[in-house]
Amino acid sequence: MPQGQCTLPPDEAGRILDRLAGLEQVIPPAAVRQALAATGRANQRRCKLTHEVICWVVLAMGLLTELPIRQIFKHAHRLRFGEKPPHRSSLCVARQRLGIAPVRHLFEQIVRPLARSETPGAFYRGFRLVGLDGTVYDVPDFEANAAAFSRSSAGPRGDGAFPQVRKLSLVELGTHVELTFVARSCSHGEQSMVGGLLRHLTAEMLLLLGPGVLQL
């Protein structure tokens, strides 16, 4: 395919989501625009790095985790021949302007259980099975991150090289859909984070807990 030629036509805003077209099957463009409007992020004037464009870039970051933001922009916003992507600093500033509110709104509106009655391992006597899944992520070694999340202890060798975030998720068993999550400093244990997930349980759900979590 010639450089700059796209397999999909641009929409009315001029965006071209070619390689990530499948993302729009899960998150419709209308849902993104609604989230931006609901959180006061609708652009009043046209510019290259609109909130809508950057929101798609942020969503693409969840798929292309191995790529830097400038490369992700190239994938999410297919560039025409001779067009250069914005500088990394411009993308980072635009991402800060977007903030977390639109992404949180999208998560609340889009994420839902997917298991059906025939899904293996998803139901028990009519109850939808859910569980807890915890993980720890390294975050960039900045002072602000260290102050917010702290570093893990490496014993006699001192603190760990990176600040870390502990995430505890409520997941649907059988599909592994992450229904909601809580993120805290790595100094917090998983037991202290469970309470933030319990309010998301519904009457149709059966939560399976490990022995250590039962000591609440």
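The values are calculated or read from the model by the stated rules, or taken from the named source; none is laboratory data. All values reported here derive from a predicted model rather than from experimental measurement. So basically every Cβ, Gly included, is an ideal-geometry build from the backbone, and we count neighbours across all protein chains shown. Protein only, heavy atoms only, side chains kept; ligands, DNA and RNA dropped before computing areas. Shrake-Rupley method; radii C 1.70, N 1.55, O 1.52, S 1.80 Å.
Just one of (1) in contact with a helix residue (DSSP H, G or I) (Cβ under 7 Å, 6 or more places away or on another chain); (2) at pLDDT below 90 trips up L170, so point out which.
Unmet for L170, out of (1) in contact with a helix residue (DSSP H, G or I) (Cβ under 7 Å, 6 or more places away or on another chain); (2) at pLDDT below 90: (2).
Restricting to region 83-115, give me the number of residues that are under 17 Å from V26 (Cβ atoms) and in a loop (DSSP other than H, G, I, E, B).
Of the residues in that region, 5 qualify.
Give region 95-109 a look and list any residue that's within 18 Å of K48 (Cβ to Cβ), surrounded by 14 or more Cβ atoms within 10 Å (Cβ to Cβ) and in contact with a His (Cβ under 9 Å, 6 or more places away or on another chain), or say none.
Once the filter is applied, which keeps residues that are within 18 Å of K48 (Cβ to Cβ), surrounded by 14 or more Cβ atoms within 10 Å (Cβ to Cβ) and in contact with a His (Cβ under 9 Å, 6 or more places away or on another chain), region 95-109 yields only L98.
Can you find, within region 48-61, the residue that is modelled with the lowest pLDDT among those that are in a loop (DSSP other than H, G, I, E, B) and either out of contact with any Leu (no Cβ under 9 Å at 6 or more places or on another chain) or among the hydroxyl-bearing types (S, T, Y) (or both)? If you could, list the steps in order and put the result at the bottom.
Residues of region 48-61 that are in a loop (DSSP other than H, G, I, E, B), as a first pass: 48-50.
Cutting the leftovers down to either out of contact with any Leu (no Cβ under 9 Å at 6 or more places or on another chain) or among the hydroxyl-bearing types (S, T, Y) (or both) gives us 48, 50.
On the way: K48: 77, T50: 87.
Ranking the qualifying residues of region 48-61, first place goes to K48.
May I ask you to say which residue of R128, R112 is over 25 Å from H75 (Cβ atoms), of a type in the set (D, E, K, R) and surrounded by 17 or more Cβ atoms within 10 Å (Cβ to Cβ)?
R128 is the lone residue from the list that is over 25 Å from H75 (Cβ atoms), of a type in the set (D, E, K, R) and surrounded by 17 or more Cβ atoms within 10 Å (Cβ to Cβ).
Only one residue in R128, R112 is charged (D, E, K, R), modelled with pLDDT of 95 or more and closer than 25 Å to G174 by Cβ. Which one?
R128
May I ask you to verify whether P120 is outside any helix (DSSP H, G or I), closer than 30 Å to E24 by Cβ and more than 18 Å from the chain's Cα centre (by Cα)?
Answer is yes for this residue.
Filter region 67-81 down to the residues that are open to solvent by less than 70 Å² (accessible area, probe 1.4 Å) and assigned to a loop (DSSP other than H, G, I, E, B), then identify the one that is modelled with the lowest pLDDT.
L79
As an exercise: evaluate F162 against (1) modelled with pLDDT of 90 or more; (2) assigned to a strand (DSSP E or B) and give the number of the one condition it does not meet.
So the condition that F162 fails would be (1).
Return the residues of region 171-184 that are surrounded by 15 or more Cβ atoms within 10 Å (Cβ to Cβ) and farther than 16 Å from L206 by Cβ; say none if nothing qualifies.
Listed by number, the residues that qualify are T180, F181, V182, R184.
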